[in-house]
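What follows is a set of notes on a single structure, which appears directly below.
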Amino acid sequence: MAATKTGIAVIGGGAAGPVGAGGGAPGGGPGPLYDAMPSLGRKFLMAGRGGLNLTHSEEIEAFLGRYREASGRLRPAIEAFPAQSLRGWAEGLGEETLVGSSGRVFPRSWKASPLLRAWLRRLGGLGIRLALRHRWTGWSATGDLLFETPEGRATVPAPAATILALGGASWPRLGADGSWVPVLASAGIEVAPIRPSNAGLRISWSEIFARRFAGRPLKRIAISCGGETRRGEAMITETGMEGGTVYALSAAVRAQLDRAGEAILHLDLRPDLSEAALAAALSRPRARQSLSTWLRKTAGLAPVAIGLLREGTEPLPAEAPVLARRIKALPLRAEGTAWIERAISTAGGVRFCELDADFMLRKRPGTFLAGEMIDWDAPTGGYLLQACFATGAAAGRGALRHLSHGLSGGAGVDGAPIRSHL
Ligand SMILES: Cc1cc2nc3c(=O)[nH]c(=O)nc-3n(C[C@H](O)[C@H](O)[C@H](O)COP(=O)(O)OP(=O)(O)OC[C@H]3O[C@@H](n4cnc5c(N)ncnc54)[C@H](O)[C@@H]3O)c2cc1C
């Protein structure tokens, strides 16, 4: 179990860790891959449930823009391991990829399990030993790695390099539960608070609306928050709203929640119609039709959209232009985001100021970080896995450089031959 002083230990076997593990150590065998859970890649498998969105096909500048303020720090890693490399990796494991109509990239099987199986076989072939049910709890005073195992506490002599890829904290039952935060914080490492991202909104619906419409999709809508607008679909839930369009506004919603304790969103229930055209349609007499029938026929609204419009705003404005404005910009008040247990990902994590260009902790030379535990955030669309893979590969390269040069600082050291399984 022990890693030698020339080895690399990788802790965290989700998406990013196994990528970093592929390098191995020159002069020593490939380091072990530790994970707290009884099996690897549980969140990766969960990501495959609704179609594994590996990455996105858009051009690199637009792609990098998705990471907002973190894009500059992620750029070298993603340029070194872009979407095309991730697709090549999947194809090398026998899973051809396809580009969906939205530009998202999926394995042809849509699933994660065939990829994960092939990946684990490849790691086994590289001689990478798995140490499962090993929960890393920190460092000893001399830098040894401390673990909790079913057999009790275990101490692993300090390896020459360690890659931590412990994930964020969403869906904690899949392994990544953020328990590393106090460990790193007590080592003096700055960690931005971990928050739900790509999470549903919490909205207090009336009981009657929630009962009637929870589980119903809102199709072809646009949602705006903080000057950003996204078009697509959303799903009404008992406690609010979820779906890709909502998730894409995560950062804007978080900013408003931080500032005001609530976020005001505006829903456009007919984004394909101008307000003037809608007002003209709504000027038609209602005659003896019920309000719902009239709204369905004149404004083309589905029952769930009509329910939303009427939710809390009865009676509806009688003047066509005012009603048209309401349909085009229906205000919604979100009291928060869904709980972390249900979020697709988390924002926050180890701040970039703690990391050098090789993703090595400046305060702990020889320890490299990868994946969602670093302070970046991105919308769904394949950007999450892409950044996990790219930072995993970058941390692996950094760890190899660190070993081959015997340096305590990896930044700016170039030219070391990199062995990689990708
Ligand atoms: C429902 C769902 C759907 C998703 N769909 C997509 C998608 O389609 N496309 C996309 O790009 N992203 C998707 N994601 C997000 C993506 O799965 C994650 O961003 C990605 O898995 C994060 O990789 P990671 O390696 O950083 O962390 P993880 O995959 O969470 O892996 C972390 C690993 O570290 C281990 N660990 C944690 N703490 C310790 C410790 N102290 N000691 C030892 N081991 C520890 C955990 O057991 C775990 O195996 C989805 C997420 C969810 C929840």
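The values are calculated or read from the model by the stated rules, or taken from the named source; none is laboratory data. From a predicted model like this one, the values you see are computed outputs, not experimental measurements. Using ideal geometry, Cβ is built from the backbone for each residue, glycine included, and neighbour counts are taken over all protein chains shown.
Only one of the listed residues (Val99, Val105) is touching a Ser or Thr at 6+ places or on another chain (Cβ under 6 Å) and within 18 Å of Ile344 (Cβ to Cβ). That residue is Val105.
Residues are listed down the side, and each one gets a yes or a no for (1) in the same structural domain as Gly143 (by TED's automatic domain parsing); (2) at pLDDT below 95:
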| position | (1), (2) |
| --- | --- |
| Met1 | no, yes |
| Gly28 | yes, yes |
| Leu52 | yes, no |
| Glu58 | yes, no |
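In the set (1) touching a helix residue (DSSP H, G or I) at 6+ places or on another chain (Cβ under 7 Å); (2) over 30 Å from Ala160 (Cα atoms); (3) of a type in the set (Val, Ile, Thr), the condition left unmet by Val350 is number (2). Scanning segment 120-150 for residues that are closer than 16 Å to Gly41 by Cβ and assigned to a helix (DSSP H, G or I) turns up Leu120, Arg121, Arg122, Leu123, Gly124.
For Ile264, the conditions (1) surrounded by 16 or more Cβ atoms within 10 Å (Cβ to Cβ); (2) touching a Lys or Arg at 6+ places or on another chain (Cβ under 9 Å); (3) of a type in the set (A, V, I, L, M) are fulfilled apart from (1). Of Ala299, Ala281, all but one fail to be in contact with a helix residue (DSSP H, G or I) (Cβ under 9 Å, 6 or more places away or on another chain) and under 25 Å from Ala210 (Cβ atoms); the exception is Ala299.
Just a yes or no: is a residue in segment 101-111 assigned to a helix (DSSP H, G or I) and within 22 Å of the chain's Cα centre (by Cα)?
No: zero hits.
Residues in segment 121-143 that are within 13 Å of the ligand (Cβ to nearest atom), farther than 22 Å from Leu184 by Cα and surrounded by fewer than 15 Cβ atoms within 10 Å (Cβ to Cβ): there are none. Being more than 26 Å from Tyr67 (Cβ to Cβ) and surrounded by fewer than 17 Cβ atoms within 10 Å (Cβ to Cβ) holds for only one residue in Ala80, Ala118, and it is Ala118.
Conditions (1) closer than 28 Å to Leu369 by Cα; (2) among the aliphatic types (A, V, I, L, M), marked per residue:
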| position | (1), (2) |
| --- | --- |
| Arg254 | yes, no |
| Leu257 | no, yes |
| Ala280 | no, yes |
| Ser283 | no, no |
| Thr313 | no, no |
| Ala329 | no, yes |
| Gly349 | yes, no |
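For segment 185-224, the set of residues classified as within 16 Å of the ligand (Cβ to nearest atom) and touching a helix residue (DSSP H, G or I) at 6+ places or on another chain (Cβ under 7 Å) consists of Ile189, Val191, Ile194, Arg195, Pro196, Ser197, Asn198, Ala199, Gly200, listed by residue number. For segment 337-364, the tally of residues that are more than 11 Å from the ligand (Cβ to nearest atom) and modelled with pLDDT under 95 stands at 3.
Mind listing whichever residues of segment 356-375 are at negative phi and surrounded by fewer than 24 Cβ atoms within 10 Å (Cβ to Cβ)? Steps first, please.
Start the filter on segment 356-375 by keeping residues that are at negative phi, which leaves 356-358, 360-365, 367-370, 372-375.
Answer for segment 356-375, where residues must be at negative phi and surrounded by fewer than 24 Cβ atoms within 10 Å (Cβ to Cβ): Asp356, Ala357, Asp358, Leu361, Arg362, Lys363, Arg364, Pro365, Asp375.
All conditions in (1) touching a residue at least 24 places away in the same chain (Cβ under 8 Å); (2) within 14 Å of the ligand (Cβ to nearest atom) hold for Pro182, with the sole exception of (1). The residue pairs whose first member lies in segment 392-412 and is surrounded by 24 or more Cβ atoms within 10 Å (Cβ to Cβ) and among the aliphatic types (A, V, I, L, M), whose second member is modelled with pLDDT under 85 and not in a loop (DSSP other than H, G, I, E, B), and whose beta carbons are closer than 8 Å, counting only pairs six or more residues apart or on different chains, are Ala393/Gly20; Ala395/Gly20; Ala399/Gly20.
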